[in-house]
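Chemist: Following this message is one structure expressed as structure tokens.
The values are calculated or read from the model by the stated rules, or taken from the named source; none is laboratory data. Since this is a predicted model, take the numbers as computed values, not measurements. Positions of Cβ are backbone-derived with ideal geometry, glycine not excepted, and every protein chain shown enters the neighbour counts.
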């Protein structure tokens, strides 16, 4: 660990060991230049509650919060300041850590609204402890109009045996926004961890999800919807380290690129402990409009011949002609066809959330999408 | 393009294991070893009586080598100490055009590899490099009649300087990474081939590289130029005896395929188990050209190789097949790279890896579609087979699409041999080893279908040889 006084300029942005010629895909310099004392509160794009009946927590740009979480002195068990410079700056800027505890056998639903600064950076860390035989549903909602701020969150979750944790992350920004969010989850035996993302826009949005499964018969599922317009970048990382016998691990990412930059890096690591496990990573990206850039890096690490299956697949293409033809033959115009595809992709990601709020997110997407979608 | 004389090629490949079993006796003429610095590079250049421009290139590469950081993505080369290596080792043998003119100790290597028979019946030309120098060059009259140039790389530097200047280190610039720079600073040996416009060579040309000493570095440079509408097949083979200490190979292959040409490059790498093998391979394909790489990586302790094609021209295409076997405590860090620049580019990447007895296979791929590479279509697949609990497989494909009309797909699967499959085959009377060998061949079948029958047979036999250690098929 670095001491607080240490010079974090010596910490690299990111430690990359996976290619002879590639450096990194993330816009670390851009984030760093946007960091600083937070200024004001940006207008949120999503004002509706997304988890009906859930406890409400509000995170504010100055590091304060409102809601029913416990406040502790800053600490993070699953993150280290030595990992990368932006993460180090974030951890060192924390005023406190917020703790959400779900007792054995208890069920909790919490909606966390993260109010982004108009400029500068804000820092929050949340620790979630889910006891045995319990369940938790957490929604982290972050959105901002005309914000050049860098709202940063780290979340770490520990899921006890036989428990369920579902996390939604909804991040909707206009092209100035620079949100960063790291999530790390440790799931014990027979636990079920599900992470769903809707990531729209931002000058550079970074969302990283990592799940480690230990104990037997656990499950980890990630499902993400990404979208970027011209001048926007969405950078998403999904990793699962599967150490669980008889487990199931899956990652699915669906992206719509309307002339922006989409990055997805995903890794499935299947260790020797994950005997008789099933593991799959897949991603599909559609490019609509012109000038888009899409980067997909689906990695697979398999140790030993113990897993039942381990695979990954990805495709990057214009919208398939055959899909458009099918929809047109049913009387749908291009706009309506796009709406059908977006709804179809989002329905599984947002399932379980409030219907009105889902409509709000879909409206925002369609509002941004250009009128013509022919490949 | 068909390869004639399958049987002879098979003999050559299978014999490389036999050749690795003994250490040839020969006289050394020059040995340059020690710290890689300016004086060492100048000494190599002086011994080769190179023109000034080549020395300048070497020294620039050395400068890059000193500046570039050690790649942090490498593993398994902890024992590599460049300062203790012999970087240039010239045997006391002049370049021969007849077998009889080669010193007996070296000729025995040749004969054990059954290369003379292969040359006689199958090959259009052959180059044999022993340590750092080409000691034999056989060029059939057919090549001379068609005005094909096939000479040792050093000779090309002297006789065809304009062509060499145009392509050497241009397809694969030395500044790209530390080991490419090291290669260019120290290169020695290799072959230069130029195929004139419209000339098609029905038989393959082969280059064979042999390292006879421990703690030796071999840095051969192969440069192939296929002029417009020409066709060329090239086979690269390699072998080394087993020593207590390691040897280091840092070769480079540059291919320039002009408009409408076809180049097929086949490597059957069967270094002995203590060679650290680094190979830098890249091709540029102009309009309508086709480049095919077939990388069979069987031997060595550690291998790093990523055949790459830059699809520069419109309607250019490439296929890259990699088959890697890590049997035992070996690491194969391989992959394929395609960069599409021209319109309507097509690429197919197929990788098959087999890990057994603690072996590790790593696949690193890059598919990059540049803006303007309209209608590019790339399909890549990467299958791994793990035969036991101590082996492993890692896949890192990078897909970068910056053109709206392009389509790429990538799929990868890591599998194992199931108990049910084994039980079924054993119930038919096969031993476990035989059953596993058969299933390995079945696993590779779909890639073997895609390559010409003769080449598939060669690879089939290499796999059988390797997996006969599991018992059975050899």
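Chemist: Could you tell me whether residue A:316 is in a strand (DSSP E or B) and within 18 Å of the chain's Cα centre (by Cα)?
Modeler: Numbers: in a strand (DSSP E or B): yes; within 18 Å of the chain's Cα centre (by Cα): no.
Taking the combined requirement at face value, the residue does not satisfy it.
Chemist: Residue B:374 versus (1) more than 8 Å from chain A (Cβ to nearest Cβ); (2) surrounded by fewer than 24 Cβ atoms within 10 Å (Cβ to Cβ); (3) in a strand (DSSP E or B): which is the lone unmet condition?
Modeler: Every condition holds for residue B:374 apart from (3).
Chemist: Right, another one. Please specify each residue of segment B:200-227 satisfying the condition of being touching a helix residue (DSSP H, G or I) at 6+ places or on another chain (Cβ under 9 Å), outside any strand (DSSP E or B) and closer than 23 Å to residue B:166 by Cα.
Modeler: Answer for segment B:200-227, where residues must be touching a helix residue (DSSP H, G or I) at 6+ places or on another chain (Cβ under 9 Å), outside any strand (DSSP E or B) and closer than 23 Å to residue B:166 by Cα: B:219, B:220.
Chemist: Can you tell me which residue is surrounded by the most Cβ atoms within 10 Å (Cβ to Cβ) among those in segment A:354-369 that are more than 18 Å from residue A:258 (Cβ to Cβ) and either free of Cβ contacts under 8 Å to residues at least 24 places away in the same chain or touching a helix residue (DSSP H, G or I) at 6+ places or on another chain (Cβ under 6 Å) (or both)? If you could, list the steps in order and put the result at the bottom.
Modeler: First, pick out the residues of segment A:354-369 that are more than 18 Å from residue A:258 (Cβ to Cβ): A:354-360.
When the remaining residues are screened for being either free of Cβ contacts under 8 Å to residues at least 24 places away in the same chain or touching a helix residue (DSSP H, G or I) at 6+ places or on another chain (Cβ under 6 Å) (or both), the result is A:355, A:358-359.
On the way: A:355: 9, A:358: 21, A:359: 13.
Within segment A:354-369, the match that is surrounded by the most Cβ atoms within 10 Å (Cβ to Cβ) is A:358.
Chemist: Could you list, ordered by first residue, the pairs with Cβ atoms under 6 Å in which the first is in segment B:57-86 and within 12 Å of chain A (Cβ to nearest Cβ) and the second is loosely packed, with under 15 Cβ neighbours inside 10 Å, at least 6 apart or interchain?
Modeler: Hits for this filter: B:72/A:17; B:73/A:17.
Chemist: Given (1) more than 25 Å from residue B:234 (Cβ to Cβ); (2) modelled with pLDDT of 95 or more, where does residue B:54 come up short, assuming only one miss?
Modeler: (1)
Chemist: Could I ask something else about it? Please find, within segment A:283-304, the residue that is nearest to the chain's Cα centre (by Cα) out of those that are more than 7 Å from chain B (Cβ to nearest Cβ) and at pLDDT 95 or above.
Modeler: Only one residue fits best here, namely A:283.
Chemist: Out of curiosity, is residue B:316 surrounded by 24 or more Cβ atoms within 10 Å (Cβ to Cβ), modelled with pLDDT of 95 or more and not assigned by TED's automatic domain parsing to the domain that holds residue B:440?
Modeler: Working: surrounded by 24 or more Cβ atoms within 10 Å (Cβ to Cβ): yes; modelled with pLDDT of 95 or more: yes; not assigned by TED's automatic domain parsing to the domain that holds residue B:440: yes.
In short, yes.
Chemist: Would you check which residues across segment A:321-353 are within 14 Å of another protein chain (Cβ to nearest Cβ) and either touching a helix residue (DSSP H, G or I) at 6+ places or on another chain (Cβ under 6 Å) or in contact (Cβ under 8 Å) with a residue 40 or more places away in the chain (or both) and list them? It would help to see each step written out before you state the result.
Modeler: First, pick out the residues of segment A:321-353 that are within 14 Å of another protein chain (Cβ to nearest Cβ): A:321-323.
The one that is within 14 Å of another protein chain (Cβ to nearest Cβ) and either touching a helix residue (DSSP H, G or I) at 6+ places or on another chain (Cβ under 6 Å) or in contact (Cβ under 8 Å) with a residue 40 or more places away in the chain (or both): A:321.
Chemist: A follow-up question, please. Which condition breaks for residue A:357 when tested against (1) under 30 Å from residue B:350 (Cα atoms); (2) at pLDDT below 95?
Modeler: The single condition residue A:357 does not satisfy is (1).
Chemist: Identify, from the list A:268, A:226, A:262, A:213, the residue that is closer than 28 Å to residue A:29 by Cβ, crowded, with 24+ Cβ neighbours inside 10 Å and more than 12 Å from the chain's Cα centre (by Cα). Write out each step before concluding.
Modeler: On the way: A:268 fails: closer than 28 Å to residue A:29 by Cβ; A:226 fails: more than 12 Å from the chain's Cα centre (by Cα); A:213 fails: closer than 28 Å to residue A:29 by Cβ.
None of the other options fit; the residue is A:262.
Chemist: Tell me, which residue of segment B:381-430 that is within 30 Å of residue B:343 (Cα to Cα), facing another protein chain (nearest Cβ under 7 Å) and assigned to a loop (DSSP other than H, G, I, E, B) is nearest to the chain's Cα centre (by Cα)? Break it down stepwise before answering.
Modeler: To start, the set of residues in segment B:381-430 that are within 30 Å of residue B:343 (Cα to Cα) comprises B:381-383, B:395-412.
Keeping just the survivors that are facing another protein chain (nearest Cβ under 7 Å) gives B:395-402, B:404-405, B:407-412.
Okay, now just the ones that are also assigned to a loop (DSSP other than H, G, I, E, B), so B:402, B:404-405.
Working: B:402: 30, B:404: 34, B:405: 33 Å.
For segment B:381-430, the residue satisfying everything is B:402.
Chemist: Filter the strands (runs of 3 or more DSSP E) completely within segment B:98-158 down to those with at least 1 residues that are over 26 Å from residue B:53 (Cβ atoms) and in the same structural domain as residue B:214 (by TED's automatic domain parsing). Walk me through it before giving the result.
Modeler: Details: elements: B:125-130, B:133-139, B:149-152.
Qualifying strands (runs of 3 or more DSSP E): B:125-130, B:133-139.
Chemist: Of the residues B:337, B:352, only one is assigned to a strand (DSSP E or B) and either out of contact with any strand residue (DSSP E or B) (no Cβ under 8 Å at 6 or more places or on another chain) or away from every other protein chain (no Cβ under 13 Å) (or both); which?
Modeler: Working: B:337 fails: either out of contact with any strand residue (DSSP E or B) (no Cβ under 8 Å at 6 or more places or on another chain) or away from every other protein chain (no Cβ under 13 Å) (or both).
After applying the criteria, what remains is B:352.
Table: residues versus (1) crowded, with 24+ Cβ neighbours inside 10 Å; (2) in contact with a strand residue (DSSP E or B) (Cβ under 8 Å, 6 or more places away or on another chain); (3) more than 14 Å from chain A (Cβ to nearest Cβ).
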residue: B:177; (1), (2), (3): no, no, no
residue: B:188; (1), (2), (3): yes, yes, yes
residue: B:193; (1), (2), (3): yes, yes, yes
residue: B:197; (1), (2), (3): no, no, yes
residue: B:200; (1), (2), (3): no, yes, yes
residue: B:204; (1), (2), (3): yes, yes, yes
residue: B:211; (1), (2), (3): yes, yes, yes
residue: B:220; (1), (2), (3): yes, yes, yes
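Chemist: Return only the number of the condition from (1) over 18 Å from the mean Cα position of the chain (by Cα); (2) under 30 Å from residue B:141 (Cβ atoms); (3) crowded, with 24+ Cβ neighbours inside 10 Å that residue B:232 does not satisfy.
Modeler: (1)
Chemist: Quickly run through segment A:265-284 and pick out the residues that are closer than 21 Å to residue A:200 by Cα and without any contact (Cβ under 8 Å) to a residue 40 or more places away in the chain. Walk me through how you get there before you give the answer.
Modeler: To start, the set of residues in segment A:265-284 that are closer than 21 Å to residue A:200 by Cα comprises A:265-266, A:282-284.
Matches in segment A:265-284: A:282, A:283, A:284.
Chemist: Among the residues of segment A:81-104, are any on the phi < 0 side of the Ramachandran plot, within 14 Å of another protein chain (Cβ to nearest Cβ), without any contact (Cβ under 8 Å) to a residue 60 or more places away in the chain and crowded, with 18+ Cβ neighbours inside 10 Å?
Modeler: no
Chemist: Which fully enclosed strands (runs of 3 or more DSSP E) of segment A:181-276 have 1 or more residues being at positive phi?
Modeler: Values: elements: A:192-201, A:205-213, A:219-229, A:233-242, A:248-258, A:261-270.
The qualifying strands (runs of 3 or more DSSP E) are A:192-201.
Chemist: Still on this structure, I have one more. Quick check on segment A:65-74. Is at least one of its residues in contact with a strand residue (DSSP E or B) (Cβ under 8 Å, 6 or more places away or on another chain), at positive phi and modelled with pLDDT under 95?
Modeler: Checked against the condition, which is being in contact with a strand residue (DSSP E or B) (Cβ under 8 Å, 6 or more places away or on another chain), at positive phi and modelled with pLDDT under 95, segment A:65-74 yields at least one hit.
Chemist: Could you tell me which of the residues B:150, B:142 is under 23 Å from the mean Cα position of the chain (by Cα) and either closer than 20 Å to residue B:205 by Cα or buried (at least 23 other Cβ atoms within 10 Å of the Cβ) (or both)?
Modeler: Working: B:142 fails: under 23 Å from the mean Cα position of the chain (by Cα).
When all the criteria are applied, what remains is B:150.
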